[in-house]
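Have a look at the structure below, then the notes.
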Amino acid sequence: MKTFKKHFFLLLCFVALVLVAACSDEMEDYRKFTEGGEINYTEKMDSIKVFTGRERLYLQGIVNADPKITSFRVYWNSKADSVVVPVTRTKPVDTLSVYIDDLEENIYNLEVRTYDDELNSSIPVNITAEVYGSRYQNTLYNRPVISNVLIGNDLTVSYSSMDLTTGVLGTEIQYTSSNTSETEEFYVPIDSAMAFIEDFTSGSEYQYRTIFKPEPTSIDTFYTDYQGYIPEPKLTDPPYLLNSSYPFEILEGGSRWGTPVGWIHNEAALSHGGYGALDGELFDLESGWGEPDLINAKVYQTVILPAGTYAYSINIAETNYEGADNNLDKAYFTVAKGPQLPDVSEVETSSETLAYERVNKANGLNSLLTFTLEETTQLSIGVQTTNDGGAGRYLKINSFKLNQFSKAPYLENAAAPYKLSSSGSRWGTPENWIHNDAAMNHTDNGPQGAFDGNSQKWDLESGWGEPNIVNGKVYQVLFLEPGTYTYTVTIFATNYTGTRGTSDQAYFVVAEGETLPDVADVETAEETLVYDRVDSANDNTRILSFTISEPTKVAIGGETTNAEGVGRFLQVESFKLVKQ
């Protein structure tokens, strides 16, 4: 027991010595701070916030009660650098702040102290901040664009997502307004996947850049460089018009009347209990006989077409509209610029109208309107009518067609060297030509047809280990203006024997429609406009002439049948079509 007491007493003595030493150190620090006098220190800055920026930062805090504060100081780089800010107290709680400029891009440990006139300071307050600059700037990139869709003046830009940790805020677009011709700005926040601009000037360029803040509270905004882009209008593909022939597909309907799929109707055209333009499966604008008058009724489609010359043709089943002979009715087939047809009363005078024909039963059942576009243009194409005199009128239509006239030199990829859409080790398939399955008789890296890599010529060839060709057709489809044409084919080499043999039949053909007639029918088909049977005994330059009296779609090319296993080749140097 005595030993325990002795040890306990020694432990107490040791603790006492430690406490005395600690107090001595604190007193020494206190003496240094007070310089031998009373404690005198300033209030520390409270609620300090640091806002980062581009090669600078902004620091802000508050002081509550100390009226003696006359300045505060911010240190960084281990106190090697600092800034002093004078303070004038004006109210019980003052907000103190400072911008610190010309900082290198880095992470900074800041120390903040307040001071009075005698340079007594507060205890330090430490805070860390990151400053951004060129390194951060160089990591930024424009928001990726998935697609640009331009229809008339309506531009839709679709964007992919981005990494939000980069600080991306959104994208800024500058474009030329079609309404004012002035430069406008459009902002797309990062949480929006699309931008919709309704007044974009077609054919113009828009500039875009992406906006970033490295931290949500940053005082500076970072931008990528502007990029420029010229949106191309989304062209309407041939045959251009949807649901354009009998039997017309019905979108919705009643017991008799209906509304066709793919057509735009204004309210006036929906005159049959909310339906309009279909009588059963036949296109029909009809009024009277217990049905309401049609007043400025419009039924049309919108398309976007490239520059060129076009034909809008309508085949009428039956009508009793009397046209200019009777002002009780006004019905028009119309082509006009823009997203809608002009009013019926303005068709003949509107600056937007490109072509029109007033419907008159005396003019027959076929109407043809031609027009030319100098540039890519949005069009409205259809039919419209006003019949407000109470007389029964009907306009029943079998079909609408829209075709672009082919331009000289008409045939594409029509001479050596031929461009190929696919090829194998020897055989290939030339671009821009239509091939039926029978013509794709070379299984060389997939089906190939109409090109021989050895001769580098257009070639319909069979035998010598290659399959027979049975009714093989290779051709292009054109839409031609009325006139006389010459189709010239220059043969490189052939061993087809024409009328001198029965084991093969090969023809160069021009036929109405969208395909060539079968080989067996070439010489007798009503569609055939001109043909020449290939014979190696004839001259290698074959000239075929034909005349059409109205705009006509034609198929033009070559075809062959060689079903008896005899090796045959028809190698062509060039095809040429010329209007006289």
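The values are calculated or read from the model by the stated rules, or taken from the named source; none is laboratory data. The structure presented is a predicted model; accordingly, all values stated were derived computationally and were not measured. Here the Cβ positions follow ideal geometry from the backbone for every residue, glycine too, while neighbour counts run over all protein chains shown. What goes into the accessible areas is simple: the full protein's heavy atoms, side chains included, and nothing from ligands, DNA or RNA. Shrake-Rupley method; radii C 1.70, N 1.55, O 1.52, S 1.80 Å.
Just a few scattered comments:
- Net lengthening on full extension, Ser545/Ser255 (0.36 nm per residue, minus Cα-Cα): 99.1 nm
- Cα gyration tensor shape for segment 311-366, rounded if a/c is under 1.5, else prolate or oblate: oblate
- From the C-alpha gyration tensor of segment 73-135, square roots of 5λ in Å: 25, 14, 10
- Sequence of Met440, Met162 from largest to smallest accessible area, 1.4 Å probe: Met440, Met162
- With 0.36 nm allotted per residue and the present C-alpha distance subtracted, the Ser536-Glu130 stretch has 137.7 nm of extension available.
- Note that segment 340-430 carries a Kirkwood radius of 18.0 Å, evaluated over its alpha carbons pair by pair.
- Hypothetical label at Lys576: residues of segment 406-440 whose amide nitrogen lies under 14 Å (7 Å Cα-Cβ projection): 409-411, 414-416
- Here segment 238-317 is described by how far its Cα atoms reach on the three principal axes: 45, 25, 21 Å, from widest to narrowest.
- The modelled label-to-label distance for the pair Ala416/Asp325, using points 7 Å beyond Cα in the direction of Cβ, is 6.1 nm.
- On the basis of the beta-carbon distance and an R0 of 51 Å, Asp388 and Thr486 show a calculated FRET efficiency of 0.45.
- Å² per residue, accessible surface of the chain at 1.4 Å: 50
- Computed over the chain: relative contact order in percent, which uses C-alpha pairs under 8 Å that are six or more apart: 9
- 29 Å Cα-Cα threshold exceeded, pairs from Lys337/Lys401; Lys213/Lys234; Lys419/Lys553; Lys44/Lys213: Lys213/Lys234; Lys44/Lys213
- Positive-pole candidate from Thr528, Ile173, Pro447, dipole of the chain, charges at beta carbon: Ile173
- Rounded, prolate or oblate (a/c below 1.5 giving rounded, otherwise prolate when a/b exceeds b/c) for segment 413-454 by Cα gyration tensor: oblate
- Taking all Cα-Cα distances within segment 419-552, those exceeding 26 Å account for 24%.
- Here the simple spin-label model places points 7 Å from the Cα toward Cβ, and for Lys361 and Glu118 these points are separated by 11.6 nm.
- For segment 412-429, backbone phi angles converted through the Karplus equation (6.51, -1.76, 1.60; θ = phi - 60°) give residue-by-residue couplings of 9, 6, 10, 8, 5, x, 7, 7, 10, 8, 7, 7, x, 6, 10, 8, x, 10 Hz, Gly and Pro being listed as x.
- Relative contact order (%) - segment 92-220, alpha-carbon pairs under 8 angstrom, separation at least six: 21
- Carbon and sulfur %, accessible surface of the chain computed with the full protein complex present, 1.4 Å: 49
- A crude spin-label estimate for the pair Asn109 and Asn445, with each label 7 Å from Cα along the Cβ direction, gives 6.6 nm.
- Cα-based helix-to-principal-axis angle, 2-34 vs the chain, degrees rounded to 10: 70
- Ala80-Glu375 FRET efficiency (beta carbon distance; Förster radius 60 Å; 0.05 resolution): 0.35
- Over the chain - Rg/Rh using Cα atoms and the Kirkwood inverse-distance radius: 1.30
- Loop-located chymotrypsin sites (Phe, Trp or Tyr not before Pro) in segment 441-509 (DSSP state not H, G, I, E or B) with no more than 14 neighbouring Cβ atoms inside 10 Å: Trp464.
- More than 15 Å apart - percent of Cα-Cα pairs taken over segment 470-532: 58
- Rounded if a/c under 1.5, otherwise prolate or oblate - segment 192-327, Cα gyration tensor axes: prolate
- Report summary: the helix-based calculation at 222 nm, which adds -39500 (n - 2.57) for every DSSP H run with n ≥ 4 and divides by the residues of the chain, gives -2000 deg cm²/dmol.
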